[in-house]
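Trainee: Provided herewith is a single structure, encoded as structure tokens, for subsequent inquiry.
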Amino acid sequence: MKKLKFIKTIINRLRGDQSLSKLVKKGLKIGKNLTIMQRVIIDPSHCWHIEIGNDVVLAPNVHILAHDASTIIHLKYTRIANVKIGDRVFIGAGTIILPGVSIGNDVVIGAGSVVSRNIPSNSMAVGSPAKVICSLENYLEREKVKMNSNNTFSEAYTLRNPDFNVKQRQEMIDACDKFGLAFVE
């Protein structure tokens, strides 16, 4: 059992994945139901300045920084600021969250965004720098309109289903071709 855990730790390090339990021991504050995908970086050198709420998803390659070393050469000091992420927040792939940022509750941050200022609750924000483009309700209403019985699929159409098959994959591909996108639980 110890050998398997050691091998898993080595593989995670090679992938660039961090140990969440070590970050929590150092002071990172996290709520319930945090989902962290591959290659997420939560500032390991200042993780005690970071607080993440309940029901948060960090998509692949998200970076959360609580320090900015751009001042080290000229001022001999590193700038440090707290980061707070609220409840029910989705942070898209490749997003960078900079020091001193607060993200409210019920927020979606689009993929590839650079969050350099506070994002209020109930918002959809995208871009570099990230800007609020609409309320979360407006975003979700627009997405609901795009959903129909031919492009909405159950969890059986994911890799979580051990019986997921070629026919199901093709059905999803066909739905994307016909409707421009598909939705899956």
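The values are calculated or read from the model by the stated rules, or taken from the named source; none is laboratory data. None of these values were measured; they are calculated from a predicted model. Cβ: placed from backbone, ideal geometry, glycine included. Neighbour counts: every protein chain shown.
Trainee: Against the conditions (1) surrounded by fewer than 16 Cβ atoms within 10 Å (Cβ to Cβ); (2) in contact with a strand residue (DSSP E or B) (Cβ under 6 Å, 6 or more places away or on another chain), where does residue 135 fall short? Just the number, please.
Mentor: (2)
Trainee: Between 149, 154, 128, which is under 21 Å from the mean Cα position of the chain (by Cα) and polar (S, T, N, Q)?
Mentor: Details: 149 fails: under 21 Å from the mean Cα position of the chain (by Cα); 154 fails: under 21 Å from the mean Cα position of the chain (by Cα).
Just a single option satisfies the conditions, and that option is 128.
Trainee: Could you tell me whether any residue of segment 158-165 is hydroxyl-bearing (Ser, Thr, Tyr) and outside the structural domain of residue 62 (by TED's automatic domain parsing)?
Mentor: Within segment 158-165, the subset hydroxyl-bearing (Ser, Thr, Tyr) is 158.
Checking which are outside the structural domain of residue 62 (by TED's automatic domain parsing) leaves us with 158.
So far as segment 158-165 goes, yes, one or more of its residues are hydroxyl-bearing (Ser, Thr, Tyr) and outside the structural domain of residue 62 (by TED's automatic domain parsing).
Trainee: Test each condition in (1) farther than 14 Å from residue 116 by Cα; (2) within 9 Å of the chain's Cα centre (by Cα) for residue 53 and report the one that comes out false.
Mentor: (2)
Trainee: Among the residues of segment 51-65, which ones are touching a residue at least 40 places away in the same chain (Cβ under 8 Å) and surrounded by fewer than 16 Cβ atoms within 10 Å (Cβ to Cβ)? Show your work before the answer.
Mentor: Residues of segment 51-65 that are touching a residue at least 40 places away in the same chain (Cβ under 8 Å), as a first pass: 53, 59.
Once the filter is applied, which keeps residues that are touching a residue at least 40 places away in the same chain (Cβ under 8 Å) and surrounded by fewer than 16 Cβ atoms within 10 Å (Cβ to Cβ), segment 51-65 yields nothing.
Trainee: Would you say residue 99 is under 20 Å from residue 47 (Cα atoms), surrounded by 12 or more Cβ atoms within 10 Å (Cβ to Cβ) and of a type outside the set (Val, Ile, Thr)?
Mentor: Spelling it out, residue 99 is indeed under 20 Å from residue 47 (Cα atoms), surrounded by 12 or more Cβ atoms within 10 Å (Cβ to Cβ) and of a type outside the set (Val, Ile, Thr).
Trainee: While we're on this one: Inside segment 69-183, counting only helices (runs of 4 or more DSSP H) that do not spill past its ends, which hold 1 or more residues that are within 20 Å of residue 58 (Cα to Cα)?
Mentor: 136-146
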